[in-house]
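Visitor: Quick one: this structure, given as structure tokens, is what I'll be asking you about.
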Amino acid sequence: FPSDKPSLIFLFTTAGWGLCQAQLVQLKENVNKFDDLDVNIYAVSSDTVEHLSVLHQEMQPPFPFLWDPEFKLIDHLDMKGEGVAKLGYALVDKKGKVIFTEVNDHWGEQIDQTSKQIHEEYKKMEE
């Protein structure tokens with residue numbers, strides 16, 4: 001998963017699940033908490049591309065949804081649950097190396113705590 005800069009990846013299970021939608025709404029409303037980090041932000045799920053497309057059109061977040069039906073990225077992050085992605089987030093450097101992952105069903109509702117941890121891990125990566 002190499003990129004021009006590090007990637008901040010937020011994982012969710014299904015587009016139709018209220019818990020996942022709640023986390024994504026919080027991320028959309030608070031995405032500016034990550035403006036000071038030089039990262040690409042993605043939301044990743046193994047749900048169907050149709051479901052992801054509908055949710056993305058409804059939400060219109062300032063970050064893309066990535067479809068991972070074969071769990072390639074999700075497995076790389078070691079964030080696969082029972083046939084779906086675990087809810088959580090990860091930071092990956094620009095070479096694709098996983099810096100850290102966190103399983104948390106409520107990462108959006110706990111956005112201040114999520115942001116604090118991501119900022120701490122980003123600083124370590126920069127050192």
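The values are calculated or read from the model by the stated rules, or taken from the named source; none is laboratory data. The model shown is predicted, which means the values in this text are computed figures rather than measured ones. Methodologically, a virtual Cβ is constructed for each residue, glycine included, from the backbone with ideal geometry; neighbour enumeration extends over all protein chains shown. The protein model used for the area step is the full one, side chains on, heavy atoms only, and it has no ligands, DNA or RNA in it. Shrake-Rupley method; radii C 1.70, N 1.55, O 1.52, S 1.80 Å.
Visitor: Check Lys116 against each of (1) under 30 Å from Val49 (Cα atoms); (2) modelled with pLDDT of 95 or more; (3) among the charged types (D, E, K, R) and name the one condition it does not meet.
Guide: In the conditions (1) under 30 Å from Val49 (Cα atoms); (2) modelled with pLDDT of 95 or more; (3) among the charged types (D, E, K, R), Lys116 misses (1) alone.
Visitor: Follow-up question, since we're still on this one. Being in a helix (DSSP H, G or I) and among the small types (Gly, Ala, Ser) is the filter; apply it to the stretch 1-22 and report the residue that is surrounded by the most Cβ atoms within 10 Å (Cβ to Cβ).
Guide: Ala22
Visitor: Now for a different question. For the stretch 23-47, which residues satisfy the criterion of being open to solvent by less than 40 Å² (accessible area, probe 1.4 Å), assigned to a helix (DSSP H, G or I) and out of contact with any strand residue (DSSP E or B) (no Cβ under 7 Å at 6 or more places or on another chain)?
Guide: Gln23, Asn30
Visitor: Can I ask one more? Do we find a residue being in contact with a helix residue (DSSP H, G or I) (Cβ under 8 Å, 6 or more places away or on another chain), assigned to a strand (DSSP E or B) and within 13 Å of Phe12 (Cβ to Cβ) anywhere in the stretch 94-101?
Guide: The answer is no, given that none of the residues of the stretch 94-101 is in contact with a helix residue (DSSP H, G or I) (Cβ under 8 Å, 6 or more places away or on another chain), assigned to a strand (DSSP E or B) and within 13 Å of Phe12 (Cβ to Cβ).
Visitor: Still on this model: If I ask for residues that are under 20 Å from Ala22 (Cα atoms), of a type in the set (A, V, I, L, M, F, W, C) and in a strand (DSSP E or B), which ones from the stretch 76-93 would you list?
Guide: Ala85, Ala90, listed by residue number.
Visitor: Considering only residues that are closer than 15 Å to Gly16 by Cα and part of a strand (DSSP E or B), look in the stretch 48-68 and name the one that is least open to solvent (accessible area, probe 1.4 Å). Break it down stepwise before answering.
Guide: Taking the stretch 48-68 and keeping what is closer than 15 Å to Gly16 by Cα, we get 48-59, 65, 67.
Within this subset, residues satisfying the condition of being part of a strand (DSSP E or B) are 65, 67.
Details: Phe65: 32, Trp67: 129 Å².
Taking the candidates together, the pick is Phe65.
Visitor: Still on this structure: Consider Phe71 against the criteria (1) hydrophobic (A, V, I, L, M, F, W, C); (2) exposed (fewer than 15 other Cβ atoms within 10 Å of the Cβ); (3) at positive phi: it satisfies all of them except one. Which criterion is unmet?
Guide: With respect to (1) hydrophobic (A, V, I, L, M, F, W, C); (2) exposed (fewer than 15 other Cβ atoms within 10 Å of the Cβ); (3) at positive phi, Phe71 is out only on (2).
Visitor: What tally of residues in the stretch 19-74 results from selecting those that are hydroxyl-bearing (Ser, Thr, Tyr) and over 18 Å from Ser7 (Cβ atoms)? Explain how you work it out, then say what you get.
Guide: Kept after step one, since they are hydroxyl-bearing (Ser, Thr, Tyr), are these residues of the stretch 19-74: 42, 45-46, 48, 53.
Keeping just the survivors that are over 18 Å from Ser7 (Cβ atoms) gives 48, 53.
Total satisfying the criteria: 2.
Visitor: Can you tell me how many residues in the stretch 74-99 are open to solvent by 10 Å² or more (accessible area, probe 1.4 Å) and either touching a residue at least 40 places away in the same chain (Cβ under 8 Å) or within 12 Å of the chain's Cα centre (by Cα) (or both)?
Guide: As a first pass, look at the stretch 74-99 and keep what is open to solvent by 10 Å² or more (accessible area, probe 1.4 Å): 75-76, 78, 80-84, 86, 93-95, 97-99.
Narrowing further to those that are either touching a residue at least 40 places away in the same chain (Cβ under 8 Å) or within 12 Å of the chain's Cα centre (by Cα) (or both): 76, 81, 84, 86, 93-95, 99.
Summing the residues that are open to solvent by 10 Å² or more (accessible area, probe 1.4 Å) and either touching a residue at least 40 places away in the same chain (Cβ under 8 Å) or within 12 Å of the chain's Cα centre (by Cα) (or both) in the stretch 74-99 gives 8.
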